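Remarks on the structure that follows.
Since every read-out is calculated from the coordinates, none of them should be taken as a lab result. What you see is a predicted model; the values in this text were computed from it and never measured. Cβ sites come from the backbone with ideal geometry, for glycine too, and all protein chains shown count toward neighbours.
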Amino acid sequence: MSDSPPTAAFVAPAPADLAPMFPGYEIGPLIATGGMGAVYQAVQRSLERTVALKILPHEFSADAAFCAGFEAEAKAMARLNHPNLIGVYDFGEAAGMLYIIMEYVPGKSLFHSAHGIAIDPAEVIRLISGICSGLAHAHGNGIIHRDIKPSNILLDPSANPKIGDFGLARPADHQIQEGEEIFGTPHYTAPEVISTPGHVDHRADIFSVGVMLHELLTGRLPADDRRSASVIAHCDPRFDAIIRRATDPIPDHRYASALEIANELQTIATTSGPKVLRTAPVPATAGAGSRKGKARRQDRKSSAVPVIIIFLAAVTLAVFAYRHHLKQKLARQSAAQASVSVVVEPPPAPALPPAPPPAPEEPVPPPVVFEPDPTPLPGPEPSAEPLAPEPPSPAAEPKFDVPGFLSRARKVMRARAEPAVRKQNAAIEDNLEAMERNLKRALRKQGLKPREQAVGALVEQLTEECKSQDSRIPAILPAALTVVPGFQAVHAEFLEKQQALESSLASELSQYSATYLLGIEKQIERLKPTDDPAAIGLLEQELQSVRGDEGYFTGLMLAPDSE
């Protein structure tokens, strides 16, 4: 599961609430939760097999494009079979929530096991090599993960890594929608996922592996400490070259496959000494020495005895000489201090004469007040124009393109909300036409033959004006129509229906706001290490606008793409 903070709109259901939706499974405890859903332990009754059940928030099932990608990913993952990949057994939709049944791994994630800890390089090589092996198998079958990070790597009871949470995975031939970069995790995401999301391939996963390699060796993310891994952790400098190539900003400069990283790591493992990999020295084998070797060691031992005796004698003489020298030095210092104290001692101070009596206080004169002189001082004539105020210091310009990012994010949200908006617009148009028919019916019931034609023309004019305003009925009926009996009641009825439709649409669109907010929060996390407070401030303003005004996000979704 992701270690990203969960969205405010998603609350993981209780296991008891899920039981009726999955009659073939015995739902167990909640394992993990995050912005992309929740995972439960469960037992498949028919096979008596422990599995992991992952459910996604409701807003994802309402997105037709996401559902199509999710189905393609689940089918592709079900065809994979690799010891470093979590197996996929089934998928579907239940009570408006997408779900996926996966292999259950009884262990913690790499994030929970090693976050902030520098791991032994030999163990790092083993873990990253296994992850690369699993990724190479997925890439070879056309699957890109796009969210590789420690929290998505589970460790089985034997500490073998297994890649999971393919919630953002897509088949390699799946065209990524513009704005889809609002997903992903800060610090691990490749630059092209943000800048050119339509051109992302398997090398985005290789970038994330490079970040993880640095983090496992040092206990720190590259964004938090720009120094090389060998400087931070005193490991083999060859790790630095692998990290640099894997995390190169240009995809073409990275490794062509994950197996290349694994092969270079194995080279380090097989050619590094014990000091580099911090392994314990191998003990000598018992009984391997011959009698000759034994005798040689005894000769060396016996020949070392005189040397030791001479060394100890020299040390003893040196200690005695140093102690004698120290006593003489202390004696000379004591004599010098005694002579100095006699010369420096000051004579007794003479008695001071008594202080004279204080003089009587003189009266304080009153303060002098200066009257202003009406005569102007000589000098240049004052200017008639007031001085212009100094221009305020310009605010810092954001380095990141915030308007462009928000425009792309809103565009993809509008694409997802388009079916609901189109359905509501049709209902609004039908409501306007129904009001027109009822107004004309009320007019005919009055039997006002002389005025029927003129009033009917006013009703048709009102309808045309409403159509030019997105078929919205005005809050106030024109004065010329209020005098017709029954018109105000008809207007009030259909105005209320229109307001109910608008409220229903706002409620339906609000489910997408959680995804929109999550994308902005992730971008803020990406910008924190880049020293761009101006951009962060603009993004935080957008968060406040969405959270503080329910109609703000609805207005964004109804606005044209060229806002």
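Within a 10 angstrom radius of the beta carbon, how do Val231, Val211, Val421 rank from fewest other beta carbons to most?
Val231, Val421, Val211
Given R₀ = 41 Å, what would the calculated FRET efficiency be for Leu30 paired with Glu397, taking r from the Cβ atoms and rounding to 0.05?
Here the calculated transfer efficiency is 0.35.
In debye, nearest 20, what is the charge dipole magnitude of segment 402-558 about its Cα centre with +1 on Lys and Arg Cβ and -1 on Asp and Glu Cβ, if you could check?
Result for segment 402-558 is approximately 520 debye, rounded to the nearest 20.
Is there a pair in Lys411/Lys467; Lys149/Lys528; Lys54/Lys528; Lys54/Lys149; Lys54/Lys162 whose C-alpha atoms are over 22 Å apart, and which pairs would that be?
Distance filter (> 22 Å) returns Lys411/Lys467; Lys54/Lys528.
Using Cα centres only, tell me the gap between segment 72-100 and segment 207-246 in whole Å.
33
For labels at Glu418 and Arg227 in the simple 7 Å Cα→Cβ model, what's the distance in nm?
5.2
Could you give the nm distance between label points at Glu460 and Tyr552, where each point is 7 Å from its Cα heading toward the beta carbon?
Simple spin-label model gives 4.6 nm for this pair.
Go through segment 35-88 and name the GluC sites (Glu not before Pro) that are in a DSSP coil and have 16 or fewer other Cβ atoms within 10 Å of their Cβ.
Within segment 35-88, the qualifying GluC sites (Glu not before Pro) (loop, at most 16 other Cβ atoms within 10 Å) are Glu48.
For a Förster distance of 45 Å, can you work out the FRET efficiency between the beta-carbons of Ser507 and Lys108, rounded to the nearest 0.05?
That pair, Ser507 with Lys108, gives E of 0.70.
Explain nothing, just the number: dipole magnitude of segment 1-104 about its Cα centre with +1 on each Lys and Arg Cβ and -1 on each Asp and Glu Cβ, in debye rounded to the nearest 20.
220
Hey, with R₀ at 60 Å, roughly what FRET efficiency would Leu543 and Leu47 work out to, going by the Cβ-Cβ distance, to 0.05?
The pair Leu543/Leu47 has a calculated efficiency of 0.85.
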